[in-house]
Amino acid sequence: MAFVASSGFLGSKRGVNVKRSTCSLRMTLTRVDTNVTVNDSGNVKSIPADSDVDLRRNLLENGVDVYTLGQKLMNCGGNGACGLCRVKVTAGLENMNERTPKEDFLLNKMGADSNIRLACRTMIDGPVSIETKPKI
Ligand code: FES
């Protein structure tokens with residue numbers, strides 16, 4: 001298990017205060033314990049992921065566009081209400097939590113296949129592969 005900050009700083013705890021001479025810098029560290037292979041509109045890359053936070057947050061913190069341009073303005077901010085953070089799971093479904101009842105209701109209402117998940121309701125505990133912005 002390793003911890004990294006966006007600046008590349010290595011540490012051992014979250015929320016470490018780093019003081020330099022006269023200024024104080026608060027850094028939030030992200031635990032990296034698995035990875036996600038992302039196919040974002042044909043651009044495939046692997047990103048580190050923290051199993052303590054949801055998939056949406058892992059994607060956004062690693063610069064992955066979860067939403068289309070219009071959806072960026074209309075999404076619910078990760079509350080599981082809009083259904084716009086859909087991802088298609090292409091591998092590693094067994095490394096994800098089960099759909100929550102609310103997620104299941106919303107995705108069934110949209111007619112989504114069982115491999116479609118709401119990134120904001122999905123926790124991962126192992127490597128997974130996904131496609132962003134899938135068509136339903
Ligand atoms: S961000 Fe709205 S359902 Fe995930």
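The values are calculated or read from the model by the stated rules, or taken from the named source; none is laboratory data. Quick caveat, the model's predicted, so the values are computed rather than measured. Here the Cβ is made from the backbone with ideal geometry for all residues, glycine too, and neighbour counts use every protein chain on show.
Structure data summary
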item: Any chance residue 76 is touching a strand residue (DSSP E or B) at 6+ places or on another chain (Cβ under 8 Å) and within 11 Å of the ligand (Cβ to nearest atom); result: no
item: Subset of the stretch 54-108 (residues that are assigned to a helix (DSSP H, G or I) and aliphatic (A, V, I, L, M)); result: 55, 59, 60, 69, 73, 74, 93, 106, 107
item: Total residues in the stretch 54-78, condition farther than 20 Å from residue 90 by Cβ and touching a Ser or Thr at 6+ places or on another chain (Cβ under 8 Å); result: 1
item: Check on residue 27, at pLDDT 95 or above and of a type outside the set (D, E, K, R); result: no
item: Residue list for the stretch 69-86, restricted to those being loosely packed, with under 12 Cβ neighbours inside 10 Å and in contact with a Cys (Cβ under 9 Å, 6 or more places away or on another chain); result: 74, 77, 79
item: Lone qualifier among 53, 66, 89 - being away from the ligand (no atom under 13 Å from the Cβ), of a type in the set (A, V, I, L, M, F, W, C), closer than 24 Å to residue 31 by Cβ and crowded, with 19+ Cβ neighbours inside 10 Å; result: 89
item: Of all residues in the stretch 114-136 being within 11 Å of residue 93 (Cβ to Cβ) and in a loop (DSSP other than H, G, I, E, B), the one that is farthest from the ligand (Cβ to nearest atom); result: 126
item: Whichever residue in the stretch 95-120 is charged (D, E, K, R) and closer than 24 Å to residue 43 by Cα and, among such residues, is surrounded by the fewest Cβ atoms within 10 Å (Cβ to Cβ); result: 113
